[in-house]
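Novice: Quick one: this structure, given as structure tokens, is what I'll be asking you about.
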Amino acid sequence: MLFGRGLLNLPPLRERSDEFTSKDETDPPSKQNDIPNTRPLIHQTTAVARRSAAAIWRDPTYVTAKLILNIAAGLFIGFTFWKSPSTTQGVQNKLFSIFVVLILTVPGAQQLQIPFITNRSIYEIRERPRKMYSRSSWVTAQILVELPWNMVPGILLFFSWYWTMGYPIERAGFTFFISVVLIPFYSTTVG
């Protein structure tokens with residue numbers, strides 16, 4: 001401890017320290033933030049998307065948790081109301097199963113928050129001050145990379161839930177579109 005204090009009090013180090021603090025006080029931080037990103041937005045988005053896709057691919061627990069949530073929930077909901085008839089109670093059961101499937105966007109969005117916050121911290125601390133990427137390219141890349149990882153579990157949810165409930169085949173296409181495209185898009189962007 002005493003040795004370190006003695007080094008800090010040496011005249012050459014003290015002069016360099018004063019030089020750095022005077023430069024920081026004379027340069028306003030607004031000039032540093034006005035420097036634009038030099039790369040086009042599409043190149044920035046592509047670079048961030050590749051990095052984010054690799055990060056998700058290297059985290060098997062994150063992907064497995066998404067898959068297990070959707071498959072287990074689909075099977076549980078489907079077999080709870082197995083082949084509900086077209087009576088008043090059966091229609092209520094089918095509507096309630098749709099409600100429960102829509103509620104699955106909440107845990108899906110919560111699973112998304114942990115890696116998103118981690119990536120945002122990396123962006124805020126390391127990349128934004130150095131003007132590596134713009135915020136819009138970073139957010140766009142995060143959404144584009146996350147959507148397929150939410151659509152695949154949506155497909156598995158649909159196949160494990162829809163026909164076990166006894167829904168008609170004629171409406172399967174629209175329900176497939178909702179459970180594979182709209183629900184994952186909602187949980188990725190707004191949720």
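Novice: Kindly establish whether Thr105 is within 16 Å of the chain's Cα centre (by Cα) and hydroxyl-bearing (Ser, Thr, Tyr).
Specialist: Yes, satisfied.
Novice: Now for a separate question. For region 53-108: of the residues being of a type in the set (S, T, N, Q) and within 25 Å of Val190 (Cα to Cα), which is surrounded by the fewest Cβ atoms within 10 Å (Cβ to Cβ)?
Specialist: It comes out as Thr61.
Novice: If you take the residues of region 152-191 that are free of Cβ contacts under 8 Å to residues at least 24 places away in the same chain and in a loop (DSSP other than H, G, I, E, B), which of them is farthest from Trp57 (Cα to Cα)?
Specialist: Result: Pro168.
Novice: I would also like to ask the following. Which condition from (1) outside any loop (DSSP other than H, G, I, E, B); (2) within 23 Å of Pro40 (Cα to Cα) is the one that Val101 breaks?
Specialist: Condition not satisfied by Val101: (2).
Novice: Further question: Within region 114-171, can you find the residues that are of a type in the set (Ser, Thr, Tyr) and farther than 16 Å from Ala53 by Cα?
Specialist: Of everything in region 114-171, those that are of a type in the set (Ser, Thr, Tyr) and farther than 16 Å from Ala53 by Cα turn out to be Ser121, Tyr133, Ser134, Ser136, Ser160, Tyr162, Thr164, Tyr167.
Novice: Go through (1) under 30 Å from Pro168 (Cβ atoms); (2) part of a helix (DSSP H, G or I) one by one and return the number of the condition Ala53 breaks.
Specialist: Only one criterion in (1) under 30 Å from Pro168 (Cβ atoms); (2) part of a helix (DSSP H, G or I) is unmet by Ala53, namely (1).
Novice: For region 54-105, enumerate the residues that are free of Cβ contacts under 8 Å to residues at least 12 places away in the same chain and among the aromatic types (Phe, Trp, Tyr).
Specialist: Trp57, Phe76, Phe99 - these are the residues of region 54-105 that are free of Cβ contacts under 8 Å to residues at least 12 places away in the same chain and among the aromatic types (Phe, Trp, Tyr).
Novice: Ok, one more. Can you list residue pairs whose Cβ atoms sit under 6 Å apart, with the first residue in region 109-123 being over 17 Å from Pro184 (Cβ atoms) and the second being assigned to a helix (DSSP H, G or I) and modelled with pLDDT of 85 or more? Count only pairs 6 or more apart in sequence or on different chains.
Specialist: Tyr123/Trp138
The values are calculated or read from the model by the stated rules, or taken from the named source; none is laboratory data. Here the structure is a predicted model, which means the values were calculated and not measured. Ideal geometry is used to build each Cβ from the backbone, glycine not excepted, and the neighbour counts take in all protein chains shown.
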